[in-house]
Amino acid sequence: MKKALLLSILFLSSFSVLAQDIAITATQSEIFKDKRKHTELLFSDNDDNGGFVTVRASVNGFSGRPKEYIIEYYGSDLKLVQEKVIDVDGNIINGMKVQGGKVYLMEVALVKDEEIYSFNILEAALNDFNFKKKTLFTLNEDEIKKYFGFVLGVIFVNNGLDQEDTDRFGEITFSKNGNFFCVNFDLKGKEEQKQRLYVFNKNFEKVFEKDFKRDIKDRLFDFENLDVDDNTGEVYLLGKVYENDSRRKKSKGKANYHFELYKISKDNQQSISFKTEENFIGSLFTLRSDDRISCAGFYSEKNDYRYKGVARFDIDPNTMQVIKKSFQPFSDQFMKDKYGKVKDKELHNLKFRSGFLSPQGDVIINAEEYFAVYHTSMGMNGMMNSYTSYHYNDIISVKINKEGELVWARNINKNQGTTRNNKGDYLSFSSTVVNNDTYIFINCSDKIKKLRNDRLLFKGASIKKSNLYVIKIDQEGNYSYKNIVGHKDSDVAFYVRQGISASPEGDEMVFIGRKNSKKQFLKLSIL
C-alpha cells in the first residue's frame, strides 16, 4: 500500500492541500541516496527561475569538524543539475549569492606561508560550476582574535537571524535586495572594541572599508547584529554596552547596560544610545524599512532570562533619534493559549528564530522555548556516562504595528525533545510571512492532543512517524493548521529548522528530507 501511495503521490509533479483558508502546493523530488551521513545546510539562494543553489558542509560525526563543502544546483523540478565538492583546507565559506546565471561563494582562507587571511570570491556559471577565484582583500593573521583559528573548520555560519553566535569570523550581511553586502571581522583589542567592516556592491566593487572602534573594554561590548542599507550601502551596527565596568545584568534593581546603534558610511559615523530603564532585554535585532530602522526583542521586568512581552524601538535613520518606543506585555489571549487561563507570569528559555518587517511597518517575531540538558549517570563499570538532550517546546509568535501597539500574540503549544546528543534536525520550526499572514512549518505527531479550554498540543514524534504540518496565523491573529505530508506518505523526515526561502517574496519554501542515506527535497508554494 505504501509503495502504491508513493507512486501515486510522491512522484507526481504536485498536489494541493487546502484547509479552511490555507492553500499550499507541494512538490516532492524523487528519493535518492546521499553517501554523506552528517551534513549541515549553510546557505541557499534562488535562481529567479524556480531553482535554487545550496551549500552544505559534510562533517565528521565524532568531532563535528567539516571535511568538505558540497555545492548543489537544483532546477525548478527539484532535479540535480550541477554538483561541486570543495575540500576544507584552512578555509571557510561564509556566504553565497546567485545572480545573473552565476553562483558566487564568499570564502575566507588562511594563507599559512604569508600569515594572512584572504577573502575570496569563487565565481562559476550555474551550468558548469567551473569555479574561478578572485581575492577581494587580505588581513594580517595577528590582527584577528586568536580564537578565530579555532573557528576555522569548527563553527558553522547560521542561515538567518539566529543570535547564538556573535562576532563571527568574517560574517557576511546582505542588504534587503542584495545590492550591497558587508563583511565584518572582530579585531584584537582588550581595552577597546574593534571591528573592521568591508562594504561591497553587488558587482563586488568595494564601496568603503572602515574600522569601528568603541572606547570600552572588549568584554563590556556585545555585538548584536548588522543591517545594510539597500540603497546606499550604509551600515547600521547594534551593540549592547555594559556599565560600571561590570558585566552584571542588574545594578540597584535596574539594567546595568544600554544599547547603542551606529550608522556608518564611508565618510561619516553617527550613533544613538538608548536605555531600557527599569526593563531588562537580553538582546535586540534590527529590521530596516524606508523611513525607519526598528530594534526589537523580548523584555522582562525581573531579569535578562525571563520574558514578559516584546519591546520595539523605532529610530529615524536620518536624524538617528528614537521616534517611538514601546514595551508590550503578552496578551491575555497569549496567556490563555499557554496556560489555559490568564496568569501573571514571565516566560524563560526563549530562543529568537526569525523576524519580519511588513511594508506597512508591522514587526513579526517568532521564537521558541529551547534549552539543552546535560545528563550524567554512573555505569555498571563504575565509569561516568554523559549525554545532552535538546528540547524544542512552545512557539511564540508576536505582531506589533507601526505605532508600537500589540496586534496579536499567540503561543503554540509544542513538546519536542531528543536524547543521546542528537540535536534533532527535523525538530524546531521554520517560518515565513506572505501577504501579512504568518506561516510556521513544524514536524510532529499526527495525534494532536486536545488540552483544557479549547487548546491544542503538537507533540513530538520519531523520524518514522513525523508529519509535516503548517500553522497559519492570519492578520487578526487567528490560526489554523493542516497536515501537509504525513509519515505514511514519505520515507524521510524534513529538516524544518533548515527551511530555505526559495523566492524573494517568501512564498516558496524548500526543505531537505533525510533518513539514513535517503534524501529528498520538498518545495512548498503558498497560494
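A few notes on this one:
- Residue 334 surrounded by 16 or more Cβ atoms within 10 Å (Cβ to Cβ) and over 29 Å from residue 228 (Cα atoms): yes
- Filtered residues of segment 371-389 (kept if in contact with a Gly (Cβ under 9 Å, 6 or more places away or on another chain) and either farther than 25 Å from residue 352 by Cα or in a loop (DSSP other than H, G, I, E, B) (or both)): 385
- Residue that is surrounded by fewer than 16 Cβ atoms within 10 Å (Cβ to Cβ) and either without any contact (Cβ under 8 Å) to a residue 12 or more places away in the chain or of a type in the set (Asp, Glu) (or both), where the choices are 507, 489, 454: 454
- Residues of segment 89-136 that are over 14 Å from residue 204 (Cβ atoms), free of Cβ contacts under 8 Å to residues at least 24 places away in the same chain and open to solvent by less than 20 Å² (accessible area, probe 1.4 Å): 109, 118.
- Residue check, residue 290 without any contact (Cβ under 8 Å) to a residue 40 or more places away in the chain and either open to solvent by 70 Å² or more (accessible area, probe 1.4 Å) or among the hydroxyl-bearing types (Ser, Thr, Tyr) (or both): yes
- Of everything listed in (1) in contact with a Lys or Arg (Cβ under 9 Å, 6 or more places away or on another chain); (2) surrounded by 12 or more Cβ atoms within 10 Å (Cβ to Cβ); (3) among the polar types (S, T, N, Q); (4) in contact (Cβ under 8 Å) with a residue 40 or more places away in the chain, the single unmet condition for residue 388 is (4).
- Residues in segment 412-451 that are of a type in the set (Lys, Arg) and open to solvent by 40 Å² or more (accessible area, probe 1.4 Å): 420, 423, 447, 449, 450.
- Within segment 261-271, not a single residue is closer than 22 Å to residue 324 by Cα, open to solvent by 60 Å² or more (accessible area, probe 1.4 Å) and modelled with pLDDT under 90.
- Within segment 142-156, not a single residue is among the basic types (Lys, Arg) and at pLDDT 80 or above.
- Enumeration of residues in segment 70-83 that are closer than 18 Å to residue 40 by Cα and open to solvent by less than 10 Å² (accessible area, probe 1.4 Å): 70, 71, 72, 74
- Residue check for residue 374: over 18 Å from the mean Cα position of the chain (by Cα), open to solvent by 60 Å² or more (accessible area, probe 1.4 Å), hydroxyl-bearing (Ser, Thr, Tyr) and over 24 Å from residue 513 (Cα atoms): yes
- Counting only strands (runs of 3 or more DSSP E) that sit wholly inside segment 216-287, those with at least 3 residues that are among the acidic types (Asp, Glu) and either under 20 Å from residue 184 (Cβ atoms) or within 22 Å of the chain's Cα centre (by Cα) (or both) are 221-228.
The values are calculated or read from the model by the stated rules, or taken from the named source; none is laboratory data. This one's a predicted model, so the numbers in the text were calculated from it and none came from an experiment. When we count neighbours, we look across all protein chains shown, and the Cβ atoms used for this are built from the backbone with ideal geometry, even at glycine. The accessibility values were calculated without ligands, DNA or RNA, using every heavy atom of the protein model including side chains. Shrake-Rupley method; radii C 1.70, N 1.55, O 1.52, S 1.80 Å.
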